[in-house]
Amino acid sequence: MPELPEVETVRRGLSELIIGKVVASETHDTPKGFPNAIADVRQFLIQATITDVRRRAKVLIVDLSTDYSLLIHLKMTGQLVFVGDTRFGAGHPNDSLVTALPDKSTRVTLTFADGTQLFFNDQRKFGWVKLLPTAEIAEVPFMKKVGPEPLELEFTVEQFAARFARRIKTNIKAAILDQSVIAGVGNIYADESLWGAKIHPQRLVGSLTEEEFKNLYTDLRAVMNLSIEKGGSSNRNYVNAEGKKGSYMDFARVFRREGLPCPRCGTTIEKMRVAGRGTHICPFCQTL
DNA sequence: CACTTGACCTGTCCGC
DNA sequence: TGCGGACAGGTCAAGT
């Protein structure tokens, strides 16, 4: 999916586009994409005003005036695309989406009172949209176990290192992907930050030095902040709320760059499998 | 508990 | 051109 920087990019875009709009109607394909839509839509979604768009880890939270919220997880291929704002002039990339959506990947459509629309598209159907009372968000199992936000200013390197205590015997790649350790890190930024800190992804967590945790902490934050600045990574499906791609992949140093030279030492980047995920390393900079 | 692996889906790409 | 298999940004439910 979209990882933290991509979800944050969508959040910022949606904040500009949908806050204040009133939900007029909702349609969805199968109950799986919007499990509780039938039961709750009429009372708590229709006629509600969007009051805020927040993010926790990789989950988007759309708050409604009814004290209910939409929780949205894009998983691997989810998109949230807003269509129809009159501020988009002719030639805006969003123009072509007006007629292109909905398409076969569209799972949920929200139509606002002014005629604009928000589409939840998801090719692989792993993602979901749930409606629940805002006050109950903290009770959702994922929200209970998810770790701290790594980009918060008050999040320190000491806190970062301490979070790994529970995963001492596994490799660092599996640990950093574990959402209960740190929120929001996925496959792209795991590989990018491990390269930045010169740590081999198969190194056991228990073997990392204080210095290595510091380097990982520093580079992870740097690379995620850079990606947000660039509008995220569009490896395949990801687009922002206006249907546009992000450009972080132009700045990627190892991710999906197997066969190309390491930007630091020139050694050919290799691809391997770690923690069940495709993993990219510089075999010279990152050793066991 | 900690850890690993498979499952959930559809589409694309690569080798034969 | 067709077909099978591997693989894709994530998480959960099982298994050990």
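Structure above, values below:
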{"quantity": "Two-decimal Rg/Rh across region A:79-223, once Rg and the Kirkwood Rh are taken from alpha-carbon atoms", "calculated": "1.11"}
{"quantity": "Degrees between helix A:210-229 axis and first principal axis of chain A (Cα, 0 to 90, nearest 10)", "calculated": "30 degrees"}
{"quantity": "Compactness of chain A - radius of gyration and Dmax, Cα, Å", "calculated": "20.0, 60"}
{"quantity": "Cβ-Cβ FRET estimate between A:Glu258 and A:Phe155, R0 fixed at 30 Å, reported to 0.05", "calculated": "0.40"}
{"quantity": "FRET efficiency estimate (nearest 0.05) - Cβ-Cβ, A:Ala24 to A:Lys125, R0 35 angstrom", "calculated": "0.85"}
{"quantity": "For region A:157-183 versus region A:241-267, the gap between their alpha-carbon centres in whole angstrom", "calculated": "25 Å"}
{"quantity": "Computed label-point distance, nm, for sites A:Ala138 and A:Arg236 using a 7 Å Cα→Cβ extension", "calculated": "3.8 nm"}
{"quantity": "Only Lys, Arg (+1) and Asp, Glu (-1) charged, at Cβ; chain A dipole about Cα centre in debye", "calculated": "1020 debye"}
{"quantity": "Between region A:269-288 and region A:26-48, the Cα center-to-center distance that results, in Å", "calculated": "43 Å"}
{"quantity": "In order through region A:109-118: 3J(HN,Hα) via Karplus (6.51 cos²θ - 1.76 cosθ + 1.60), integer Hz, x for Gly, Pro", "calculated": "10, 9, 10, 8, 4, 8, x, 6, 9, 10"}
{"quantity": "For A:Lys58, A:Lys271, order by how many other beta-carbon atoms lie within 10 Å, fewest first", "calculated": "A:Lys271, A:Lys58"}
{"quantity": "Computed log₁₀ I(q)/I(0) - Debye formula, equal Cα scatterers, no solvent, region A:157-251, q 0.15, 0.19, 0.25 Å⁻¹", "calculated": "-0.58, -0.86, -1.29"}
{"quantity": "Projected area averaged over orientations for region A:217-282, convex hull of C-alpha atoms, nm²", "calculated": "5.4 nm²"}
{"quantity": "Chain A: relative contact order as a whole-number percent, Cα under 8 Å and 6+ apart", "calculated": "20 percent"}
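Where a number appears in this text, it was derived from the coordinates with a stated rule and is not lab data. Small disclaimer: the values here were computed from a predicted structure and weren't measured. Positions of Cβ are backbone-derived with ideal geometry, glycine not excepted, and every protein chain shown enters the neighbour counts.
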